[in-house]
Ligand SMILES: Nc1ncnc2c1ncn2[C@@H]1O[C@H](COP(=O)(O)OP(=O)(O)OP(=O)(O)O)[C@@H](O)[C@H]1O
Ligand SMILES: [Mg+2]
């Protein structure tokens with residue numbers, strides 16, 4: 001299988017050396033279905049880690065376990081050494097942000113307002129200052145607005161500040177979701193299919209943006225079905241199949257592993273066959 005244009009960088013396997021994220025033995029059962037089974041994953045500072053696997057492999061469910069949307073049936077998740085409670089707000093405050101497979105924006109709010117909402121977990125907006133609307137509140141509000149504008153420019157949406165989210169092109173909505181996630185000041189960002197529905201040019205821009213996010217000091221975990229995108233972007237890749245980690249390694253190791261090819265194409269042995277590059281629509285509630 002040849003899916004990259006350039007040889008994979010010689011990054012080598014990573015060891016969990018003071019990782020930003022450490023997930024151990026994460027299992028998620030829904031009744032009789034085990035969607036995620038005993039998954040270990042670590043992410044080191046400054047790393048971009050890819051999570052791949054066929055439809056229904058458990059990738060989004062695993063993200064939901066990491067971010068507190070689901071309470072894992074078993075296992076623990078640590079961020080910078082601290083065990084995370086399975087509560088989405090606590091996870092965001094601790095420093096983990098995410099985007100969703102099915103975009104979740106406030107459709108009738110502007111781009112700027114959407115990003116400002118992300119920022120409120122770092123302000124006293126829920127406290128007395130916001131009720132009294134005194135000088136402290138106004139200063140915070142101005143700082144929030146300025147930071148949101150800065151983030152919109154960072155993701156390439158500096159000219160869309162006043163656009164209503166629902167009127168924005170699909171690719172811009174995905175970038176807006178990233179800006180909103182960045183507004184929470186995360187240490188680690190999880191991106192669930194950030195290029196789904198994008199054309200090749202937008203996909204290239206998304207890849208450049210993720211490199212810039214990493215260069216700004218964050219660690220990144222990205223789920224994608226576009227193998228070229230994943231293998232050119234990531235330092236390390238995990239392939240999940242039926243809820244379990246089938247293979248973990250450098251992009252080069254993973255893309256040439258026959259088990260990965262088999263998982264995608266169902267046992268074929270055509271070396272030139274490329275794993276699927278597109279996504280399918282999903283109707284799962286928590287995606
Ligand atoms: N809330 C839920 N209740 C019951 N089953 C669920 C729930 N969420 C996910 N599942 C099941 O868990 C399995 C894994 O689904 P998940 O959405 O995590 O896969 P995925 O790897 O993200 O797939 P895709 O690439 O299509 O997005 C599927 O069989 C799915 O139907
Ligand atoms: Mg998914």
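Odds and ends about this structure:
- Cα centroid of region 198-212 to Cα centroid of region 48-98, whole Å: 24 Å
- Spin-label zone in region 107-121 - amide nitrogen under 12 Å from a point set 7 Å from the Cα of residue 164 along the C-beta vector: 107-111
- Neighbour counts of other Cβ atoms within 10 Å put 42, 252 in the fewest-to-most order 252, 42.
- Pair-distance profile P(r), taking every C-alpha pair of region 66-221, with 5 angstrom steps and integer %: 2, 9, 17, 20, 20, 15, 10, 5, 1, 0
- Kirkwood hydrodynamic radius (C-alpha pairs) into Stokes-Einstein, region 162-220, 4 °C and 1.567 mPa s, D in µm²/s: 107 µm²/s
- Computed E for residue 265/residue 82 - FRET, C-beta separation, R0 41 angstrom, nearest 0.05: 0.50
None of the figures in this text is laboratory data; all of them are computed from the coordinates on show. Computed from a prediction, not measured in an experiment: that's the story for all the values here. No Cβ is skipped: glycine too gets one built from the backbone with ideal geometry, and neighbour counts run over all protein chains shown.
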